[in-house]
Structures are given as C-alpha cells and as structure tokens.
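Right, one structure below, let's go through it.
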Amino acid sequence: MPVTVDLETLGLDTGGHLLVQRALAGLRPGGRLRVRGSHPQLALHLGAWCRARGHRVELAGDAPLIVKGAADELRWAGAERAGLPGQVSGRADPRWGLAARGALVEAGGPPLDVAWAERDLVWAEVAPRLYARAAAAQWDPATAVDWSAAGDLPDDVEDAVVQVMTYLVENEHAALIVPARMLANLHPHFREVMQLLAAQVADEARHVEVFTRRALLRRDAPGVSGAGGRASLRTLLDETDFTLASFLLSVLGEGSFVDLLKFLDRHAPDPVTAAVTRLAARDEARHVAFGVAHTAHVVRADPAFLSRLRTAVERRHEALRDTAGLNREVSDSLVVLAAGSWEPAAIRRGWDAVRRLRSEMDEGRRRRLAHIGFPDDEAAELSALHTRNFM
Amino acid sequence: MNALLLGAVAYDPKVVTIWEGFRRWLGGRGFEFDFVLYSGYERQVEDLLAGRVDVAWNSPLAWVRARRLAAAAGVEVRAVAMRDTDRDLTTAVVVRSDAPLTSPADLRGRTVAVGAADSPQATLLPLSLLRSAGLEPGSDVKVRRHDVGVGLHGDHIGGEREAAIALRDGLADAACVTDANLLLFGREGTLVPGSTRVLAQTAPYDHCVMAAGPGADRASAERFAELLLGMSYADPEARPLLDLEGLTRWLPGRTSGYAALEAAVDESGFYDREGGVRAGDRRP
Ligand SMILES: [Fe+2]
Ligand SMILES: [Fe+2]
C-alpha cells in the first residue's frame with residue numbers, strides 16, 4: 001500500500017509541493033506516494049514537478065502515484081557536519097565554508113580561502129564570555145556623551161585637547177584595521193573569536209567617531225599628524241600573523257593605550273574629553289583581555305612561540321629605530337593637560353605626571369608579558385623595546 | 001581513442017559553464033573531450049551530418065532533422081543519451097478559466113498564442129494537436145506567434161512566457177505552454193493561479209537527445225555515453241553541472257518519443273522528408 005497525501009484543493013502552483021515533499025521525505029528511493037487532490041491541474045503539475053526532481057509519476061490509477069527517485073538521498077550522500085554544534089573543532093575544514101558550526105554541509109562548492117583555520121592559532125577560552133560582555137557593553141555615541149557639556153576652554157588648552165584627539169584618531173584607525181584584517185582571514189567556525197573581533201572593530205569605529213567629534217567641537221580642523229607616529233602604526237598593519245598582530249596591537253599597544261586613556265580621563269579639562277576617554281578605555285580593556293588570553297593560549301600550546309613574540313618586538317623596534325616616536329606636539333599637549341595651568345610649578349607637576357604615565361605603561365606591559373610566559377627580566381627588556389609612540 | 005568533439009547551442013551564457021564543466025569532469029576521467037557552440041540548431045545539425053562535430057546536443061526538432069538528413073544520405077545518427085528530464089513532457093493548451101470553451105474545437109475562429117516558429121513544444125506539437133481536433137492553424141484558428149530566440153528551437157523560455165502573457169491580457173483565447181512552464185508561470189505569478197484552465201494537452205513526448213553523427217568514432221561515442229550514464233548526483237563535482245543542465249541523471253537515448261513531432265513537421269512542412277528547410281522566415 002502506498003502512502004497517501006491529500007492536497008484537497010491546493011495546487012502545486014501555490015505551495016502544494018510542500019505537502020508532497022513532506023510525505024516523500026519519509027520514503028526511501030523507490031517508495032510510492034499516492035497524491036490525492038481536486039486541483040484541476042494536479043496531474044499535469046505533478047508530472048512537471050516530479051520530472052525536475054528525478055521522481056517518476058504514474059497517472060494510470062484513480063490518483064497520481066509518485067515513485068520516489070534517489071536524487072534527494074544522493075545530494076546528501078557525501079554531506080558532513082561542520083564539526084559539532086557545541087564544540088570548537090581543533091581544525092576547521094575549508095570545505096565547511098561559511099556554514100554554521102555543526103550544520104550538515106552538502107559536499108562540493110568552493111572551499112573557503114582563509115589562512116586561520118586551526119583552533120590553537122586563533123582561540124582563547126575566554127572569547128565567548130568576552131564577546132557576550134562586548135555585545136552587552138555597546139554604547140551610542142549620540143547619547144552616552146553629553147556633547148553640550150564641553151564649555152569654553154582657554155585657547156591653548158583647547159589646542160592641546162585637539163592635538164591629543166587627533167593623535168588618538170590615527171591610533172584608532174590602526175586599531176580598527178588590524179582586527180578587521182584578522183577577521184577577514186579567520187575561519188568562521190571560530191565563531192566567538194569572529195564575533196569578538198567584529199565587536200572590537202565596531203568599538204574602534206565608535207572611538208574614531210567620538211575622538212573626531214571632540215576634536216572638532218570648537219575647531220574647524222584637527223591638529224597635526226607626525227610622520228614618526230604614522231610609521232609606528234604602519235608597522236602594526238604589516239604584521240600578517242594572527243597571533244603576532246594580536247600581540248603587538250592588543251597586548252603591547254592597546255594595553256599602553258588604556259593607561260593613556262585613563263590618564264586623559266583623570267586630567268581632562270572638560271567633561272566631554274573625560275567621557276569619551278573613559279568610554280573608550282572600557283572597550284580597550286576588553287581588547288587587551290582577548291589579546292593577552294589568546295597569546296597566552298598559543299604559548300601554552302607551543303612554548304617555543306615565545307621566541308617568535310620576542311622576534312616580533314625586536315623587528316618592530318628595528319623598523320622604528322630611526323623614527324621620532326611620539327611626536328613632540330602630542331607629548332607637550334599631555335604635559336599641558338596634566339598641568340592644568342601655565343604656572344611653572346603646575347607644568348612641573350604635569351611633567352611628572354607624564355613621566356609616571358610612561359612608567360605605569362611599562363609596568364603594565366611587563367605584567368602582561370609575564371602573564372603570557374616571559375621571565376621577568378625578559379619581560380622588562382621587551383617592554384623597553386616597545387615603541388615610544390605608545391601603540 | 002580520439003578526442004570527441006561535441007556541438008551545443010548557446011541558448012544561454014550558462015552553456016559555456018556547463019560544457020567547460022563537462023570537459024573538466026570528463027578530462028578527470030581520462031576522456032579527451034572538447035566542444036563548439038552554435039548560435040542555433042540548424043548549423044549544428046548540418047555540421048553533425050558533415051562530420052565537423054562528433055556528437056550534437058540536439059533539440060527534439062534537431063533530432064528529427066538530423067535523422068532525416070542522415071536517412072537521405074544513407075548514413076546513421078544515433079541517440080546515445082538523454083536527460084531524465086527529457087522524457088514524457090506534455091504541452092497544454094490553456095484558456096482563461098472563465099472562457100466559454102470546453103473542447104479544442106471551440107477554438108474555431110479564435111486566436112491561439114504559441115511560442116517561436118521553431119519551438120517543438122510551444123508551437124509545432126500543440127498546433128498539430130489542434131489539427132487532429134480538426135482545426136487548421138492559420139485558417140480555422142488565428143495563430144499569434146511569439147518569435148523569441150528563433151533558431152534555438154524553443155530553448156529560450158521567452159516565447160512561451162509571452163504567449164502566456166498574451167492569454168492573460170486578452171490578446172489570445174488560448175496559449176500553448178509546456179507542463180513545466182505552466183507550473184512555473186503559476187508559481188512566479190505570470191499567470192495568477194486559478195485564472196487558467198487546461199483545454200487539451202498533447203500525448204507525452206521526449207525532448208533533447210545526445211546524437212552521435214556519422215563522423216564519430218564509435219568506441220569514443222560509446223565511452224562518452226557510458227561516462228555520462230555513470231555520472232552520479234552524489235558526485236559533488238558532477239552535481240552542480242547536472243543542476244545547471246537540469247537533470248538528476250543521464251539515461252540511454254531513446255527515439256520512441258519523437259513520432260508526434262515527426263508528424264507535426266510533416267503537417268507544417270517545417271522540414272521536407274530529406275531534412276531540407278522549407279517553412280518561411282527563420283531569421284533569428
Ligand atoms: Fe579604540
Ligand atoms: Fe582597541
């Protein structure tokens with residue numbers, strides 16, 4: 001006895017094939033399905049529909065009879081799951097392409113051309129939690145900052161703010177492009193890392209926005225961009241290895257950047273400058289957390305990787321040997337902001353504050369390098385080689 | 001074994017992708033194969049008979065002509081393979097649901113929309129169906145032709161779609177549409193589901209066929225057919241090609257499904273008995 005499906009008045013031109021398909025799904029190739037229904041073109045439609053799908057249809061009886069073909073089964077014969085839904089695979093198969101983790105992937109189609117397909121080269125156990133935190137912590141630049149609260153600053157203080165903001169924006173550009181490149185070359189099987197990097201890119205986009213907006217709040221144009229600073233940032237873009245890029249940008253660069261943002265929040269001459277640096281610092285802490293956790297993960301899996309990290313720092317240091325580092329306009333502006341006035345004694349306090357900032361940055365870098373696995377003396381040595389441009 | 005040369009009609013840009021894919025797939029199995037593309041079927045058939053190509057991916061009408069030319073020349077063309085989707089098609093003569101028509105004879109004095117002049121499925125076969133109902137196209141019924149892609153033997157869907165639209169818009173009382181396209185036009189909304197009714201339909205007929213010409217090396221043509229028949233829908237390399245070409249598996253060629261078209265060609269004088277081209281204007 002064949003299975004029967006009743007389409008009643010429904011035609012195959014208005015969705016009737018769904019009922020037929022559903023009934024056929026329960027059959028093996030060669031299985032038979034009787035199709036009842038009163039649509040006047042039922043037999044004609046079934047003939048065309050079955051032919052295109054490799055089924056046979058017999059019209060001799062009182063209702064059309066479908067003999068199921070093998071095409072559906074054959075299509076999925078070589079299919080494989082893209083790993084397990086609840087588990088991150090050690091290696092993501094390029095043939096899984098863009099499929100969801102754990103999806104049943106039809107064989108064939110172009111393999112995904114990405115460089116980073118091995119878990120231990122991109123992963124950190126904390127990635128899922130960091131992503132969740134990042135998603136929850138997104139803020140709207142339009143409402144998170146009270147843009148009307150800037151007030152009027154003395155011209156030279158405003159100039160210092162504008163100069164620092166100009167410097168921050170170019171750093172944010174690098175901080176946006178580096179994870180975007182890592183993202184573009186990452187197998188999406190490592191979903192949480194992909195999502196986290198995407199959130200990081202979005203964070204940097206907001207930072208670019210708020211720093212630009214603060215720079216232009218009272219001025220028609222931003223400040224200056226020094227060649228040395230740009231050369232320093234450029235070396236970050238040149239790093240093509242996922243982990244080395246994450247290490248140089250996040251562990252060393254953004255780690256120092258967080259200290260700078262906190263410094264600016266503390267010494268901000270107006271509430272808008274304080275707000276934008278505080279908001280950015282909160283995001284940056286997450287970026288640093290991933291970079292540190294990821295680099296530590298790689299080193300745990302392969303302790304010899306420490307020497308590659310070391311080489312990357314030395315190479316960058318060599319590349320920047322003949323550049324000026326932090327441009328003078330920026331370092332002077334930091335002193336002015338920390339001083340808060342032009343009294344000689346205040347300038348001295350500002351000078352000391354910037355000196356303390358540099359040593360806080362150095363301590364932070366050494367702490368993170370030690371956490372990753374460097375002995376203290378080596379951590380100190382490498383921290384000292386870090387760019388004078390902070391990032 | 002020599003390389004096998006196939007002729008195919010480029011009715012759509014995808015034809016290039018299809019036969020390049022087949023060439024790659026066959027080459028991967030050690031079979032040397034190449035193809036040439038034609039802008040229409042008539043020259044392809046003539047070249048098949050002249051031995052300039054070994055096999056031709058023929059429309060049903062091209063098969064009929066090739067068979068006639070071969071018979072007249074005392075040579076042989078053989079049907080070596082066809083798609084599962086080439087078997088047992090039918091064409092419907094469709095009218096508007098509310099039309100006061102109950103049999104093909106009721107179309108006397110009315111207008112029937114058909115596809116291109118050289119479409120077997122949308123013109124030659126359904127007009128033959130009307131003849132068998134006692135209606136001579138052109139005199140008993142007015143034929144409204146939709147010459148989209150003449151030379152392609154109806155491979156271009158445009159003629160059928162225009163015929164369906166002519167019916168819908170009241171420019172014709174009936175339209176001749178294949179079962180697959182009738183379903184398609186309903187699903188895409190060209191014809192509102194329920195707005196049309198099938199007045200008559202042709203007996204089942206077969207569509208395209210892979211024909212080996214007199215110049216083909218026999219062993220080579222047989223190996224080609226064998227490889228096609230062995231193509232599995234489970235093969236991820238073959239499946240996209242099969243999907244593009246519109247089949248789930250190749251079947252052996254059969255020639256039992258072309259009798260109605262042979263008759264239609266004779267009735268209309270589309271070709272003469274020797275495969276010569278007779279009927280009217282064939283300019284693309
Ligand atoms: Fe940032
Ligand atoms: Fe960042």
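Flag set for A:Pro2, criterion: farther than 20 Å from B:Ala92 by Cα, away from chain B (no Cβ under 13 Å) and open to solvent by 20 Å² or more (accessible area, probe 1.4 Å).
Counting just the residues of region B:189-210 that are more than 16 Å from the chain's Cα centre (by Cα), facing another protein chain (nearest Cβ under 9 Å) and not in a strand (DSSP E or B), which one comes out surrounded by the most Cβ atoms within 10 Å (Cβ to Cβ)? Across region B:189-210, the extreme among qualifying residues is B:Leu191. Residues of region B:117-158 that are of a type in the set (Gly, Ala, Ser) and within 17 Å of B:Thr202 (Cβ to Cβ): B:Ser119, B:Ala122, B:Ser128, B:Ser132, B:Ala133, B:Gly134, B:Gly154.
Screening A:Arg218 against (1) open to solvent by 60 Å² or more (accessible area, probe 1.4 Å); (2) within 16 Å of ligand 1 (Cβ to nearest atom); (3) of a type in the set (Lys, Arg) leaves a single unmet condition, (2). Of all residues in region A:205-220, those being touching a residue at least 40 places away in the same chain (Cβ under 8 Å) and either within 14 Å of another protein chain (Cβ to nearest Cβ) or within 11 Å of ligand 2 (Cβ to nearest atom) (or both) number 2.
May I ask you to verify whether B:Ala164 is crowded, with 19+ Cβ neighbours inside 10 Å and either closer than 15 Å to B:Thr91 by Cβ or touching a residue at least 24 places away in the same chain (Cβ under 8 Å) (or both)? Answer is yes for this residue. Picking from residues in region A:66-121 that are over 21 Å from the mean Cα position of the chain (by Cα) and among the basic types (Lys, Arg), the one that is nearest to the other protein chains (Cβ to nearest Cβ) is A:Arg75.
Name the residue, out of B:Glu226, B:Glu274, B:Glu237, that is surrounded by fewer than 17 Cβ atoms within 10 Å (Cβ to Cβ) and not in a loop (DSSP other than H, G, I, E, B). Of B:Glu226, B:Glu274, B:Glu237, the one residue that is surrounded by fewer than 17 Cβ atoms within 10 Å (Cβ to Cβ) and not in a loop (DSSP other than H, G, I, E, B) is B:Glu226. The set of residues in region B:79-104 being more than 14 Å from chain A (Cβ to nearest Cβ) and crowded, with 20+ Cβ neighbours inside 10 Å consists of B:Ala79, B:Val80, B:Ala81, B:Pro104.
Exactly one residue among A:Ala289, A:Ala346, A:Ala304 is surrounded by 15 or more Cβ atoms within 10 Å (Cβ to Cβ) and without any contact (Cβ under 8 Å) to a residue 24 or more places away in the chain, and that residue is A:Ala346. Residue count for region B:135-158 satisfying the condition of being open to solvent by less than 40 Å² (accessible area, probe 1.4 Å) and at positive phi: 4.
Condition check for B:Pro193 on (1) in contact with an Asp or Glu (Cβ under 9 Å, 6 or more places away or on another chain); (2) outside the structural domain of B:Asp98 (by TED's automatic domain parsing); (3) not aromatic (Phe, Trp, Tyr): one failure, at (2).
The residue of region B:105-117 that is farthest from the other protein chains (Cβ to nearest Cβ), among those that are in contact with a strand residue (DSSP E or B) (Cβ under 9 Å, 6 or more places away or on another chain) and surrounded by fewer than 22 Cβ atoms within 10 Å (Cβ to Cβ), is B:Gly109. Scoring B:Arg96 on the criteria (1) touching a residue at least 40 places away in the same chain (Cβ under 8 Å); (2) under 24 Å from the mean Cα position of the chain (by Cα) leaves a single failure, condition (2).
When the residues of region A:178-206 are filtered to those that are of a type in the set (Val, Ile, Thr) and more than 30 Å from A:Asp270 (Cα to Cα), the one that is farthest from ligand 1 (Cβ to nearest atom) is A:Val193. Does A:Ala280 count as open to solvent by less than 50 Å² (accessible area, probe 1.4 Å) and either assigned by TED's automatic domain parsing to the domain that holds A:Ala124 or away from ligand 2 (no atom under 16 Å from the Cβ) (or both)? Taking the combined requirement at face value, the residue satisfies it. Does B:Gly253 fit the bill of being on the phi > 0 side of the Ramachandran plot and either in contact with a helix residue (DSSP H, G or I) (Cβ under 8 Å, 6 or more places away or on another chain) or within 14 Å of chain A (Cβ to nearest Cβ) (or both)? Answer is no for this residue. Summed over region B:41-77, residues that are surrounded by fewer than 20 Cβ atoms within 10 Å (Cβ to Cβ) and either within 15 Å of B:Ala212 (Cα to Cα) or without any contact (Cβ under 8 Å) to a residue 24 or more places away in the chain (or both) total 10.
Screening region A:106-178 for helices (runs of 4 or more DSSP H) wholly inside it with 2 or more residues that are within 23 Å of A:Ala275 (Cα to Cα) and within 16 Å of ligand 2 (Cβ to nearest atom) returns the ranges A:127-136.
Among the conditions (1) open to solvent by 30 Å² or more (accessible area, probe 1.4 Å); (2) touching a Gly at 6+ places or on another chain (Cβ under 9 Å); (3) within 14 Å of another protein chain (Cβ to nearest Cβ), A:His45 misses just one, which is (1). Taken over region A:98-114, residues that are at pLDDT below 95 and within 20 Å of A:Gln195 (Cβ to Cβ) amount to 0.
Look at (1) within 16 Å of ligand 2 (Cβ to nearest atom); (2) touching a residue at least 40 places away in the same chain (Cβ under 8 Å) and you find that A:Gly223 fails only one, number (1).
Of the residues A:Leu260, A:Leu264, A:Leu237, the single one that is in the same structural domain as A:Arg206 (by TED's automatic domain parsing), farther than 19 Å from A:Glu360 by Cβ and among the hydrophobic types (A, V, I, L, M, F, W, C) is A:Leu237.
The values are calculated or read from the model by the stated rules, or taken from the named source; none is laboratory data. Model, not experiment: these values are computed from the prediction. All Cβ positions, even for glycine, are placed from backbone atoms using ideal geometry, and neighbour counts span all protein chains on display. Side chains included, ligands, DNA and RNA excluded: accessible areas come from the protein's heavy atoms. Shrake-Rupley method; radii C 1.70, N 1.55, O 1.52, S 1.80 Å.
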